[in-house]
Structures are given as structure tokens and as C-alpha cells.
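Presented below is the structure to which this report refers.
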Protein chains: 2
Amino acid sequence: MPCSIARPDQGIAAALRQRIDTKTKPVGALGRLESLALQIGLVQQSLNPVLRQPQMLVFAGDHGAARAGVSAYPQDVTWQMVENFLAGGAAINVFSRQMGMGLRVVDAGVAHDFGVRPGLIGAKIAPGTANYLEAPAMSASQRDASVARGRQIAHELAANGCNVVGFGEMGIGNTASASLLTHCLAGADLDTVIGRGTGLDDAGLARKRALLARAVARGGRCSDPLAALAEYGGFEIAMMAGAMLGGAEKGLLLLIDGFIVTSALLVAHALEPAILDYCIFAHRSQEPGHGLQLVHLGAEPLVELDLRLGEGTGAVLVYPLVQAAVNFLNEMASFESAGVAGRP
Amino acid sequence: MPCSIARPDQGIAAALRQRIDTKTKPVGALGRLESLALQIGLVQQSLNPVLRQPQMLVFAGDHGAARAGVSAYPQDVTWQMVENFLAGGAAINVFSRQMGMGLRVVDAGVAHDFGVRPGLIGAKIAPGTANYLEAPAMSASQRDASVARGRQIAHELAANGCNVVGFGEMGIGNTASASLLTHCLAGADLDTVIGRGTGLDDAGLARKRALLARAVARGGRCSDPLAALAEYGGFEIAMMAGAMLGGAEKGLLLLIDGFIVTSALLVAHALEPAILDYCIFAHRSQEPGHGLQLVHLGAEPLVELDLRLGEGTGAVLVYPLVQAAVNFLNEMASFESAGVAGRP
């Protein structure tokens with residue numbers, strides 16, 4: 001999968017900083033929105049950036065290991081929640097409508113036949129991964145197909161004029177998969193990156209820890225991102241990694257949600273470190289491994305709202321802050337234009 | 001000023017929690033949005049709360065002490081920035097437009113004649129306060145008139161159907177006034193609540209510290225909120241305190257911005273502690289005294305974006321999160337209605 005992501009040219013940075021600093025406000029007073037405006041201007045190579053056709057993509061997939069008991073919920077909840085997305089009743093629907101973002105669900109590998117449905121991108125690699133307690137979650141060719149399909153989806157968005165995409169996911173068992181990837185790729189001890197997911201009790205958490213330790217005893221702690229992805233990934237995680245790579249290739253802004261989305265980014269980042277310049281980190285999830293992923297990536301998220309829902313809800317909730325960064329840059333008066341005295 | 005604020009009746013709390021917990025998400029997974037939904041439901045005494053005619057009020061006033069050098073900017077910037085608000089070019093204009101909030105500027109005591117202007121509420125008590133280095137900032141009758149006028153403004157908003165109001169301010173020198181009020185009312189050492197305001201350098205900060213120590217040496221550390229308000233307040237701060245009291249009396253949600261807005265709330269809270277039930281704390285400002293105010297009030301703000309601009313920018317920036325709390329409560333499907341399996 002040839003893919004090459006370049007850092008945005010920094011030549012425009014000084015002019016962007018000048019534009020930010022002459023707005024009618026004390027220098028630096030808009031805090032994180034100012035660094036966001038600078039980042040967006042750099043990605044778009046523009047002093048007047050524009051957000052076009054903002055799009056949430058929710059990647060769904062099932063996990064063979066879910067049947068071994070790594071989640072508090074039964075595996076059927078994956079397809080049932082996809083139906084909930086398609087019917088408009090989930091949190092991600094409510095928030096995407098509110099924020100004016102488009103929403104499409106990608107069936108990357110759910111163990112259910114949805115047929116052809118409005119709002120659904122059919123991209124099923126297989127009806128769920130294999131159980132990584134017994135064998136690699138997917139074959140190398142399934143992994144490559146997942147990444148390639150994700151990349152294609154992002155390229156199609158870009159071709160249709162979208163320049164900002166938010167990532168979300170659904171898949172019973174996928175915090176377990178994210179924990180294994182984080183253990184492999186972010187230099188973190190396995191126990192520190194295993195959390196309660198959708199709400200395991202103490203006994204459930206202990207069971208999840210024991211199962212994931214068995215998985216690593218079988219498959220090893222792969223340091224190669226593509227090897228780790230095949231060993232422990234989900235189809236939704238692999239396809240997200242591909243869509244992130246494809247999006248950054250096309251200069252899209254990538255809104256990064258929580259623990260599982262960031263596990264896909266760990267793969268993409270290991271392959272193409274410059275992808276970070278395109279990433280806006282939305283929130284710090286309550287899932288403990290997310291904080292460690294963010295430290296590994298040197299990322300500071302915009303907000304911390306104690307979310308742990310997934311679906312991309314954190315990404316869509318911060319979208320107004322992304323808009324605000326663009327809007328102040330484009331719409332605020334300067335000291336000169338407003339006739340306001342600067343500092344003496 | 002007779003005013004009595006009651007805590008919302010808690011009888012509806014259990015039904016609200018039940019409604020939140022049966023939505024298609026793990027219990028608690030929407031974190032801060034869930035507590036916000038509960039709070040809003042309690043304030044409105046409704047399982048289906050609605051946000052109506054959201055309004056930002058930016059209170060402006062001048063400070064006699066500004067001419068003594070407590071700010072990095074000249075006093076004329078107050079009226080020049082009010083003109084910028086009226087022309088639509090300031091950060092608060094940009095963000096209010098984006099978030100769909102109305103914006104009105106209240107001239108509580110600016111040293112400038114604006115005439116009658118669209119978007120401006122003329123409520124001038126006097127053209128700036130007296131210099132608290134030499135005498136109380138305002139008389140008892142000026143203070144009472146400020147509070148009464150603020151209360152009236154909030155009552156008028158409520159009468160016109162508004163049920164959520166955000167507070168912002170403009171006034172060169174008003175972080176100094178807020179520091180003195182915080183020292184008096186939040187049990188904080190003076191030096192710990194003095195910051196750089198709009199951007200003082202080290203020498204300017206030292207001068208501000210020395211001036212405010214002189215002010216306290218003259219006027220004392222008043223523990224009575226109304227005495228402290230007259231001694232060190234600004235007209236914009238006093239009028240905000242009145243508007244907060246009047247808003248909570250009418251059951252409005254109050255969006256609390258940063259350091260100066262919270263100094264007004266310290267006064268209102270000392271008079272009517274139950275006002276906190278109506279307050280949504282937007283952000284933690286970079287101004288160091290704000291964190292101490294929040295600790296004093298036992299408040300945890302929604303976000304921390306390193307803002308220190310004032311104008312109400314923090315309050316308006318979190319408004320989409322307030323909307324999101326209401327929207328998920330009203331629009332999300334339940335496990336039962338969506339046909340999603342709950343936890344086994």
C-alpha cells in the first residue's frame with residue numbers, strides 16, 4: 001500500500017500567526033483555539049481556511065474474541081446498534097444532526113447482513129474477525145483489503161469536496177482489541193491499557209485481563225504495526241487506519257475520537273508519522289489506555305468530558321470548537337480595522 | 001433588594017436518571033453531559049427540557065483604578081471594544097452568531113456616550129467607577145441601582161421567553177476588581193488571585209500587586225458581599241450579579257464564563273447560595289484566580305481551553321455542549337425502543 005504523507009509546508013505559519021495576533025483580543029487570549037486555527041491554516045495552506053462537507057464515519061465490525069467474554073454486552077449489540085445508527089436514534093445521530101455533520105456508517109465486518117441501506121457503506125471484509133485467543137484476528141490479505149478500502153473511502157470523500165472527517169466506531173469487544181494494539185505499539189504494559197470498556201464489573205475486568213494476557217502469550221507483542229493489526233485488530237480498526245491515511249494524503253483534517261479510534265491512529269502513525277499534523281484530538285476518554293496513547297503521540301486533546309461511549313461522539317461534540325477556530329480567523333476584526341487602540 | 005432563590009425540587013431527579021440510563025449507551029458513558037442533562041431537567045422541572053431564545057449579555061463598565069495603571073491597555077479600549085461589539089467584529093460576536101445565541105451589550109457604566117444603538121441596553125449608572133485606591137468604587141445607592149437594573153434586565157429576558165442566559169463582560173481594569181472581590185469573598189490570599197489580565201509583563205504585574213495591596217490597606221478585606229461590591233466592584237460586575245440573581249429567580253439557566261463573571265457570582269452566591277443549582281460553569285480560565293473561585297464554589301467547569309479573553313467567549317463556546325445534553329435526553333432511542341439488547 002504505497003502511501004506518502006508530507007508535513008504541511010510551514011512557510012505560511014508566520015503570516016497565519018500575524019493574522020491571529022492582530023485580531024481584537026490580547027495576544028494568545030483564545031488559547032487552544034489559536035493553535036487550532038494555526039493548524040487548520042497550515043493543513044489547508046490558507047489564511048482563510050474553510051470547512052467543507054464535514055463528515056462523521058462510524059466504522060463497525062465484530063470481534064471473534066467477543067464470544068470469549070471480553071465485553072459486558074453480547075455480540076449482537078454490534079448489529080443492533082448499527083440498526084440504531086441507520087434509524088437515527090443513537091447518540092452519534094443526535095450529535096451529528098446538531099452539529100451539521102454528515103454521518104455514514106461503514107460495515108467493515110459486522111456479523112449480520114444489512115442489505116443495501118441508505119447511510120450505510122457496505123465494505124464487509126468478513127462477518128467478524130477470528131478469535132485472537134486461538135489464531136490471528138485476520139489474514140494479511142484481509143488486513144490489506146481493510147486498509148485499502150478505508151483509504152478508498154477517504155479518497156471518495158475528498159473527491160466529493162469534504163475536507164474534514166471525524167472517526168467513530170462500533171464493535172462489541174473492540175476496547176480489548178484496542179488494548180492489545182496499544183500494548184504493542186505505544187510501549188505500554190498490558191494491564192495499564194485494559195479498562196472496563198462498556199462497563200465491566202471487577203470480575204469482568206479480571207476476566208478480560210486474563211484473556212488478553214493469553215492472547216499476547218499466543219500472538220506475541222508485535223512491534224510492527226501491520227503485524228499487530230493482523231494479529232489483534234478488528235476490521236473496523238484496520239479500515240479506520242486506512243481512512244486516516246487516505247484522508248491525510250488528501251489534506252483532510254482528521255477528528256480523532258477516543259480509545260479505539262486512537263488505536264487505529266497508532267497503526268497509521270507508525271506507518272506515516274506526519275499524519276499527526278492533520279489530526280485534531282477531540283477528548284480524553286475515561287478508558288485508561290486512551291491517556292497513554294495520547295502521551296505516546298504527544299497529543300493534547302481539546303476537552304475532557306468523562307466520555308466513554310465511542311461511536312465518534314467525542315469527535316462530533318468538539319466540532320463547534322473547530323468551527324470557532326476557523327470563524328474567528330475569518331470573521332474577527334483587527335485592532336486596525338475596528339479602530340481599537342493596541343497596547344501602548 | 002428582596003430576592004429569594006429556591007433549590008429546584010429534587011422530586012423529579014429519579015425519573016430523570018431513569019430516562020438518562022435507559023438510552024442506548026452504557027450507563028454513565030456520556031459523562032459530563034449526563035450530569036448536565038440532569039441539572040437542566042431539574043432546573044426546568046421537566047423530563048423534556050427545552051432551550052429557548054438563548055441570550056448572551058455582555059456587561060461593560062469603566063474602572064477609576066484603570067487610570068492608575070492596573071491594566072496593559074488604556075481605558076479607551078473599553079468603549080472602543082463596545083463599538084466593536086456593536087459592529088459585530090469581536091470574538092463574542094463571531095461565536096454568538098455561530099452558536100445561534102442572541103447578543104446584547106449592556107452599558108453599565110462606560111466612560112463614553114454611545115447614544116441609542118441597536119443591540120445596546122443603556123443602563124449606565126455613571127461614566128466609570130471611582131478609583132478604589134482613594135475611595136469606595138461606588139456608593140451604596142449606585143451599587144443597589146446596579147444590582148436592581150441587572151435583575152430587571154434578567155426579568156425582561158425571562159418575560160420574553162428566554163430560558164438560558166450567558167454572561168460576559170468588558171471593562172479595562174476589571175480583572176483587578178475581580179481580584180479584590182475574590183480576595184474578600186473566596187478566602188484567598190490577595191497575591192494568589194492577581195494575574196496578568198490582558199497580558200501584563202512582569203513589571204506590570206508587580207505594579208498591579210502593589211496597587212491592589214494599597215487598595216486593601218485603604219478599604220479593608222470586606223467579608224460582606226454588598227460591602228465588598230461597593231468598595232471594589234465595577235458597575236458591570238454589580239449589574240451582572242443582579243442579573244444572575246434575577247435570572248435564577250425566574251428559573252433561567254446561567255452560563256458562567258471566566259474570572260470576572262465568576263467574581264460577580266461570588267457576590268450573588270454569598271447572598272443566595274441556591275443560585276449554584278442554576279449555574280453551568282463553562283471553562284477554567286488561564287487567569288489564576290479563576291481556579292480558586294471555582295474551588296470556593298465547589299464547581300467543576302466543562303472545559304479548559306486556556307482562554308483568557310473575557311467577553312463571555314468561554315460561555316458561548318460551550319453552548320453546543322448544553323444543547324447536546326438536552327438533545328440526547330430528548331432524541332436518543334432507549335434500548336427498548338431501538339430493539340438493542342441490554343447487558344445480560
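Here, each number is a calculation from the coordinates, and none is a lab measurement. Everything quoted here is computed from the prediction, not taken from an experiment. Counting neighbours? That spans all protein chains shown, and the Cβs are built from the backbone with ideal geometry, glycine included.
Please get the size of the charge dipole for region A:55-320, origin at its Cα centre, with Cβ charges of +1 on Lys and Arg and -1 on Asp and Glu, quoted in debye to the nearest 20.
In total the dipole reaches around 260 debye.
Count the DSSP beta bridges whose two residues both fall in the protein assembly as shown, then state the antiparallel fraction as a percent rounded to the nearest 5. Could the numbers behind the result be given before it?
Working: 2 of 48 bridges.
That works out to approximately 5 percent antiparallel.
Under the rule a/c < 1.5 gives rounded, and otherwise a/b versus b/c splits prolate from oblate, where does the protein assembly as shown land using the Cα gyration tensor?
Prolate, because a/c is 1.5 or more and a/b exceeds b/c.
If you build a Gaussian network model of chain B, linking Cα atoms that sit under 10 Å apart, which residue out of B:312, B:100, B:233 swings the most?
Judging by the Gaussian network model, the answer is B:100.
Report the relative contact order of chain B, percent, no decimals, based on alpha-carbon pairs under 8 angstrom and at least 6 residues apart. Spell out each step's value before the answer.
Details: 693 pairs, mean separation 86.6, N = 344.
It comes to 25 percent, rounded to a whole number.
Looking only at chain B, where both bridge partners belong to it, what percent of the DSSP beta bridges are antiparallel (to the nearest 5)?
In chain B, DSSP labels about 5 percent of beta bridges as antiparallel.
Rounding to the nearest 10 and keeping the result within 0 to 90°, find how far the Cα-based axis of helix B:140-159 lies from the longest principal axis of chain B.
Between the helix axis and the principal axis of chain B, the angle is about 30 degrees.
Points 7 angstrom from Cα along the Cβ direction at residue A:4 and residue B:47: gap in nanometres?
Taking the two extended label points, one gets 6.1 nm.
What are the trypsin sites (Lys or Arg not before Pro) within region A:141-247 that DSSP puts in a loop, where the Cβ has at most 16 other Cβ atoms within 10 Å?
Working: sites: A:143, A:149, A:151, A:196, A:207, A:208, A:209, A:214, A:218, A:221; in loops: A:196, A:221.
Loop-located and lightly packed - A:221.
For region B:210-255 and region A:77-148, compute the distance between their C-alpha centroids and round to whole Å.
Distance between centres, Cα-based: 54 Å.
Considering chain A as a Gaussian network with a 10 Å cut-off on Cα pairs, which listed residue, A:227, A:268, A:29, attains the greatest mean-square fluctuation?
A:29
Starting from the Cα gyration tensor of region A:55-320, take the square roots of the eigenvalues, sort them a ≥ b ≥ c, and report rounded, prolate or oblate (rounded when a/c is under 1.5, otherwise prolate if a/b is larger than b/c, else oblate). Before the final figure, lay out each step's value.
Details: a/c = 1.32, a/b = 1.24, b/c = 1.06.
Because its axes are fairly even, with a/c under 1.5, region A:55-320 counts as rounded.
Hey, got the dipole for region B:142-219? About the Cα centre, +1 on K and R Cβ, -1 on D and E Cβ, debye to the nearest 20?
240
Farthest toward the dipole's positive end in chain B, which of B:89, B:237, B:10, given Cβ charges of +1 (Lys, Arg) and -1 (Asp, Glu) about the Cα centre?
With unit charges placed on the Cβ atoms, the residue in question is B:10.
Kindly give the distances from residue A:18 to its copy-mates, label point to label point, with each label point 7 Å from Cα along Cα→Cβ, as nm values to one decimal ordered shortest first.
In ascending order, 6.4 nm.
Can you give the angle from 0 to 90° between the axis of helix A:202-219 and the longest principal axis of chain A, with both taken from C-alpha atoms, to the nearest 10?
It works out to around 80 degrees.
Please list, ordered by chain and number, the residues whose modelled amide H lies under 5 Å from the amide H of residue A:170; skip anything fewer than 5 residues away on the same chain.
Result for residue A:170 returns A:59, A:60, A:61.
Rounded if a/c is under 1.5, else prolate if a/b is larger than b/c, else oblate: which is region B:232-286, with a ≥ b ≥ c the root eigenvalues of its Cα gyration tensor?
oblate
Please go through the residue pairs A:25/A:250; A:250/B:23; A:124/A:250; A:25/B:250; A:23/B:124; A:23/B:250 and name each one whose alpha carbons sit more than 26 Å apart in this structure.
With Cα atoms farther than 26 Å apart: A:25/A:250; A:250/B:23; A:25/B:250; A:23/B:124; A:23/B:250.
If you put a point 7 Å past Cα along the Cβ direction, how far is that point for residue A:7 from the same point in each other copy, in nm, smallest first?
5.5
Between copies, how far apart are the residue A:337 label points? List them in nm, one decimal, shortest first, with each point 7 Å from Cα toward Cβ, please?
Sorted ascending, the copy-to-copy spacings read 4.5 nm.
Enter the angle in degrees (range 0 to 90, nearest 10) between the Cα long axis of helix B:319-331 and the first principal axis of the Cα atoms of chain B, meaning the one along which they spread out most.
20
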